[in-house]
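Report on one structure; see the data block that follows.
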Amino acid sequence: MAKHPARKRSGTLRELLRLPQGERIDLTGYDARATPGAPDDKQAARADAERTGRRLAGLQERLWAAGTAGDHRRVLLVLQGMDTSGKGGTVKHVIGHLNPSGCRIEAFKAPTEEERAHDFLWRVRRALPGPGEIGIFDRSHYEDVLVARVRHLAPPAEIGSRYGLINDFERDLAEDGVTLVKCFLHLSYEEQKRRLLRRLDRPAKHWKFTPADIDERALWPAYQEAYELALERCAAPHAPWYLVPADHKWYRNWAIGRLLLEHLRALDPRYPEPGFDVAQCRERLLKET
């Protein structure tokens, strides 16, 4: 399987980063340091990301406004990746451009006792964006075929059935007006080590570290296999996976912002027509003393 090229500028980023469907996924065939479609250097990418942020803000306002007038469309950005791949950083740098009133961010942790009493999609359904909103999942329903598989938290047959349940769930979302943008942040084993060491070297980052992070690295091959299965089995035209090389933080942020922009442009939300006479209201205001 070919690796992402270091420089490839043709086509949309959705085309460049979309994983193939119906094929076996081998993550070793993708370069986590690649920068497909990126501007010429880090500085140019950061400048372009700022412009992208302003465009995203305008499109988000239009989507939010349309939602107040009965447009039920919304966007759900799903971020999955190994620890330190940058899910939280993406939220900070990309979603930071948007109006919080039109966003719904959910960082899924280990399920609570109440959540464990329901099926694994129960808590996910409760966190979905409403009409006109952009939802962001920092981890998601895929944890139940990733961590659950690696840590043997459920019987193999139950985990196997979840892939089909996820596919049904995502098809229902798409039919209900949800645009799914599923991003796998592809981090290398070596880069994760560097990022964990930086956390240990900076006292202000110690709160983000736990010795269990080192134990999890011993399970890296099992996690890679679990991700490959999820990427293979849970991809469809209405819910493709985008593999975003994540060793370069600047590229990760630029790419996810650009992916969101392309999807919002395709939706082309419009401001609703006013339900009142604009000229008459203007005249009334001008006549006030």
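The values are calculated or read from the model by the stated rules, or taken from the named source; none is laboratory data. All values reported here derive from a predicted model rather than from experimental measurement. Positions of Cβ are backbone-derived with ideal geometry, glycine not excepted, and every protein chain shown enters the neighbour counts. Ligands, DNA and RNA are excluded from the accessible area calculation, which covers all protein heavy atoms including side chains. Shrake-Rupley method; radii C 1.70, N 1.55, O 1.52, S 1.80 Å.
Tabulated values for the structure
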| read-out | value |
| --- | --- |
| Of all residues making up the stretch 78-114, the number that are within 24 Å of A222 (Cβ to Cβ) and of a type outside the set (S, T, N, Q) | 13 |
| Helices (runs of 4 or more DSSP H) wholly inside the stretch 63-178 containing at least 3 residues that are over 13 Å from the mean Cα position of the chain (by Cα) and modelled with pLDDT of 95 or more | 122-126, 143-150, 156-175 |
| Some residue of the stretch 82-93 being closer than 25 Å to C234 by Cβ, among the β-branched types (V, I, T), out of contact with any His (no Cβ under 9 Å at 6 or more places or on another chain) and surrounded by fewer than 21 Cβ atoms within 10 Å (Cβ to Cβ) | yes |
| Residue in the stretch 179-204 that is most open to solvent (accessible area, probe 1.4 Å), counting only those that are in a loop (DSSP other than H, G, I, E, B) and either within 20 Å of V244 (Cβ to Cβ) or modelled with pLDDT of 95 or more (or both) | S188 |
| Selection status of G132, surrounded by fewer than 19 Cβ atoms within 10 Å (Cβ to Cβ), under 23 Å from I95 (Cβ atoms) and in contact with a strand residue (DSSP E or B) (Cβ under 9 Å, 6 or more places away or on another chain) | no |
| Top-ranked residue in the stretch 25-48 [being out of contact with any Pro (no Cβ under 9 Å at 6 or more places or on another chain), of a type outside the set (D, E, K, R) and assigned to a helix (DSSP H, G or I); ranked as surrounded by the most Cβ atoms within 10 Å (Cβ to Cβ)] | L27 |
